[in-house]
Amino acid sequence: MGVFKAAAVQMRSGTGPERNAADMERLVREAASQGATYVQTPEMTGALVRDKQAGGAAFTTEDKDVVISTARKLAKELGIFLHVGSTAILRADGKLANRAFLFAPDGGTIANYDKIHMFDVDLDNGESWRESASYEPGTEAIVTDIDGARLGFAVCYDLRFPQLFRAEALAGAQVLSVPAAFTRQTGEAHWHVLLRARAIENGAYVIAAAQGGLHEDGRETYGHSLIVDPWGRIIAEAAHDEPGVVVAEIDPAQSAAARRKIPNLKNARDFTVNAGEAPRLRGAAS
């Protein structure tokens, strides 16, 4: 398996897909000019729209989506694997999917992945999100090949569900993807530690392209796009929330080496959980 360069593209997507597609194109070209043959963009590359009704005008079917057509063209022109971290896609049944796409160097679609875990949370200071009110969750994990390595898919909130990444690692993934639009509040608290944990637990590279900064719809995202190696070391970081590109070398042999040192994928054992009631203390009130 060969060594290759990967890039994480950091964006500040607005509400207009055409402008976001142009921003994506500029940054992808920058990544390719630095030698990246696998380039990942963030979650919701196409549009970040908080209001569901306003979003209706921005979202369309895959065959009409400007981000998808632009990405397909770029992958073919630049001869790269281009991973659109996700964009909102109108399905045939009228529901929306938060969908990732991976395009081959010939412009063909290798795989797509619908985000499984919906960001339904109530944070401090009144910040509340209900992704399930707008999007239909996916049901299938995806692992596929890029440049001689196996890539596992995830999107943003999926990061908090380690069983997804473990299943992909067991299916052969040496590189795990987490394109995201982490809020500033949750990013400051958990972004780095969760990404490093997923890398360490699975002996895999983790590539996480992020949204960053204050967006047109009023939300604020954390940025800090990261690439983490299989030993949990950060090997590339955008240490800010501005648009940009970070690039690092990916060597699939390092994943195999980490798994030889700490063979937890092989050492896992089945177990049961006994959640019986705790014994009463003598003399405790009934």
Starting from the residue with the highest accessible area, list Y157, Y38 in decreasing order, probe 1.4 Å. Y157, Y38
If you bin the C-alpha pair distances of segment 196-275 every 10 Å from 0, what whole percents do you get? 18, 34, 24, 17, 7
Proximal charge balance of L170 [Cβ under 15 Å; K/R count +1, D/E count -1]: +3
Specify whether the C-alpha gyration tensor of segment 70-208 places it in the rounded, prolate or oblate class, a ≥ b ≥ c being the square roots of the eigenvalues: rounded for a/c under 1.5, otherwise prolate if a/b is larger than b/c and oblate if not. oblate
Selection of GluC sites (Glu not before Pro), segment 121-182, meeting DSSP coil and at most 13 other Cβ within 10 Å: E140
Please give me the summed charge of the neighbours of G152: other residues whose Cβ is under 13 Å from its Cβ, Lys and Arg +1, Asp and Glu -1. -2
Over the chain, what is the relative contact order in whole percent, taking alpha-carbon pairs under 8 Å and six or more residues apart? 20
Filter the trypsin sites (Lys or Arg not before Pro) in segment 212-272 to those in DSSP coil with at most 15 other Cβ atoms within 10 Å of their Cβ, and list the result. R233, R269
Mind sorting out which of (i) 151; (ii) 139; (iii) 166 is the real volume of the Cα convex hull per residue in Å³ computed from the coordinates? (iii)
Along the dipole axis of the chain (charges at Cβ: +1 for Lys and Arg, -1 for Asp and Glu; origin at the Cα centre), the most positive-end residue among N202, A239, V84 is N202
Simple Cβ-charge dipole of segment 26-109, Lys/Arg +1 and Asp/Glu -1, about Cα centre, in debye nearest 20: 120
Net charge contributed by nearby residues that have their C-beta within less than 12 Å of P252 (K/R +1, D/E -1): -3
In debye to the nearest 20, the charge dipole size for the chain, taken about the Cα centre with +1 at each Lys and Arg Cβ and -1 at each Asp and Glu Cβ, equals 860
Quick check for the chain: number of Lys pairs with alpha-carbon distance under 22 Å, counting only pairs 8 or more apart or on different chains? 10
From the Cα trace of segment 152-201, what convex hull volume per residue do you get, rounded to a whole Å³? 61
How much solvent-accessible surface does F161 expose, in Å² to the nearest 10, with a 1.4 Å probe and all protein chains in place? 50
So, how do all the Cα-to-Cα distances of segment 10-83 break down into 10 Å bins, in percent, from 0 on up? 20, 52, 23, 5, 0
Global geometry of segment 131-257, whether rounded, prolate or oblate, following the gyration tensor of its Cα atoms and the 1.5 cut on a/c: oblate
So, in Å, what gap is there between the alpha-carbon centers of segment 129-174 and segment 222-286? 14
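The values are calculated or read from the model by the stated rules, or taken from the named source; none is laboratory data. Keep in mind it's a predicted model, so treat the numbers as computed, not measured. Using ideal geometry, Cβ is built from the backbone for each residue, glycine included, and neighbour counts are taken over all protein chains shown. SASA here: full protein model, heavy atoms, side chains in, ligands and nucleic acids out. Shrake-Rupley method; radii C 1.70, N 1.55, O 1.52, S 1.80 Å.
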